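Everything on this sheet refers to the single structure shown next.
The values are calculated or read from the model by the stated rules, or taken from the named source; none is laboratory data. Quantities reported herein were computed from a predicted structural model and do not represent experimental measurements. In this analysis, Cβ positions are derived from the backbone assuming ideal geometry, glycine residues included, and neighbour counts consider all displayed protein chains.
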Amino acid sequence: MFHTATPDQIKSGKVTDVYFDRTVKVLRARGLRKHVVAEVRAASLPNRHPWAVLAGIEETAHLLEGLPVRVASLVEGSVFRAGEPVLWIEGEYTEFAVFETPLLGMLCQASGVATKAARCRIAAVDRQLISFGARRMHPALAPMIDRNAFLGGCDAVSVVQSAECIGEQPVGTMPHALVLCVGAPVTAFKLFHEVVSPDVRRVCLVDTMHDEKFEAVAAAEALRDQLFAVRLDTPGSRRGDILRILQEVRWELDLRGFKHVKLFLSGGVDEAEIIHTRELVDAYGVGTSISNAPVINFAMDIVEVDGQPLSKRGKESGRKQLIRCHSCGQRIVVPVDQAQACPGCGGQAEGLLTPLLTEGALVRELPPVQELRRSVLSQLKGLSLE
């Protein structure tokens, strides 16, 4: 009915590039049972960003679960840099070759979404950030996008199914459609207030029929103390200087005693727009820039064959570990047998790639997304966007 792969099709290895399927046939036809180690890393990050957020590990674990392989990875939600390995797989190559395509798809897109959300989180500082981007992607992807937007730092998501998946309440205001169907903004605001549960904050959309400042004032005068915020979603064709529009709305509300009414901005928002407007805006709905975030260009490469270091041209061979020194704080990629001490200061080092699967069995807890989000927020402290 829909043009998407089912979980069974993904898990059975059908969602793979055909050359992996052909490689498996060749190796098995000639009895070539090669025990390999393959690592996943990104040689560079989108737009030369200095860091990214790893996501998609939970789905990857379920993808490879049950296969005769060993897997180690960074913890989901880890901040990482270009060139750092984030995961490796060890096993007979024909057992997992066909899963390279879906594995990379899971990690690349999820990490891209989480990274963009984290960048918006830093830009927004303490302002509310809501994922509004489901309508820009295939609906089958909505829960994945919203889950990783939340992991990366969004405070809430707007899609009902996405919110159920992460155990949160969906958050949203009202669409232009309500105002148009009712026929008048103030009537729509009042009907929303009368019908919708009082647990839902009253946020009125104020750019449907009239100038934003006039609809904002009308909303405030209609709902008075019950109005929590007004949302501006002005289309680009009429937007002009959105900061100036926000200033007008804030002035008119304050002048009439509605200083409690917050300003909510959506429509074409990214980290740059957030920085440009955050002196006035209290909350953001971020859509396309998160849901259509540049993917993290991970690659999976064999680095060891039958116990011997071996890789293709341009890649460093041998199994590696990413270590963090307890003394000097450096993060360094080293050969796995040198992972006990920091090569810089000689201090004790901690290996960040830890076992995820052993012979196909999950050996590490997969934390709930709320816990992962808290970890991401902690790591973002002190990070810059450039």
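Data overview
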{"item": "Members of the range 227-242 found to be assigned to a loop (DSSP other than H, G, I, E, B) and either farther than 22 Å from I130 by Cα or touching a residue at least 60 places away in the same chain (Cβ under 8 Å) (or both), listed by number", "result": "G240, D241"}
{"item": "Residue within the range 60-78 that is over 21 Å from P335 (Cα atoms), of a type in the set (D, E) and touching a residue at least 12 places away in the same chain (Cβ under 8 Å) present", "result": "yes"}
{"item": "Residue, modelled with the lowest pLDDT, within the range 103-150, restricted to residues that are within 14 Å of S162 (Cβ to Cβ) and in a loop (DSSP other than H, G, I, E, B)", "result": "G133"}
{"item": "Test: residue in the range 310-323 that is out of contact with any Phe, Trp or Tyr (no Cβ under 9 Å at 6 or more places or on another chain), polar (S, T, N, Q), loosely packed, with under 14 Cβ neighbours inside 10 Å and over 22 Å from D146 (Cα atoms)", "result": "no"}
{"item": "The range 63-86, residues that are basic (K, R) and either in a loop (DSSP other than H, G, I, E, B) or crowded, with 22+ Cβ neighbours inside 10 Å (or both)", "result": "R81"}
{"item": "When residues of the range 87-127 are limited to those that are of a type in the set (V, I, T) and buried (at least 24 other Cβ atoms within 10 Å of the Cβ), the one nearest to the chain's Cα centre (by Cα)", "result": "V113"}
{"item": "Residues (of a type outside the set (S, T, N, Q) and either part of a loop (DSSP other than H, G, I, E, B) or modelled with pLDDT under 95 (or both)) located in the range 157-166", "result": "V159"}
{"item": "Where a residue in the range 363-379 is modelled with pLDDT under 95 and its partner, wherever it lies, is surrounded by fewer than 16 Cβ atoms within 10 Å (Cβ to Cβ), with Cβ under 7 Å and at least six apart", "result": "none"}
{"item": "Failed criterion for C154 (all others in (1) crowded, with 22+ Cβ neighbours inside 10 Å; (2) assigned to a helix (DSSP H, G or I) hold)", "result": "(2)"}
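Residue-wise test of (1) outside any loop (DSSP other than H, G, I, E, B); (2) in contact (Cβ under 8 Å) with a residue 12 or more places away in the chain.
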{"residue": "E168", "(1), (2)": "no, yes"}
{"residue": "A177", "(1), (2)": "yes, no"}
{"residue": "C181", "(1), (2)": "yes, no"}
{"residue": "H193", "(1), (2)": "yes, yes"}
{"residue": "D207", "(1), (2)": "no, yes"}
{"residue": "A222", "(1), (2)": "yes, yes"}
{"residue": "R244", "(1), (2)": "yes, no"}
{"residue": "L253", "(1), (2)": "yes, yes"}
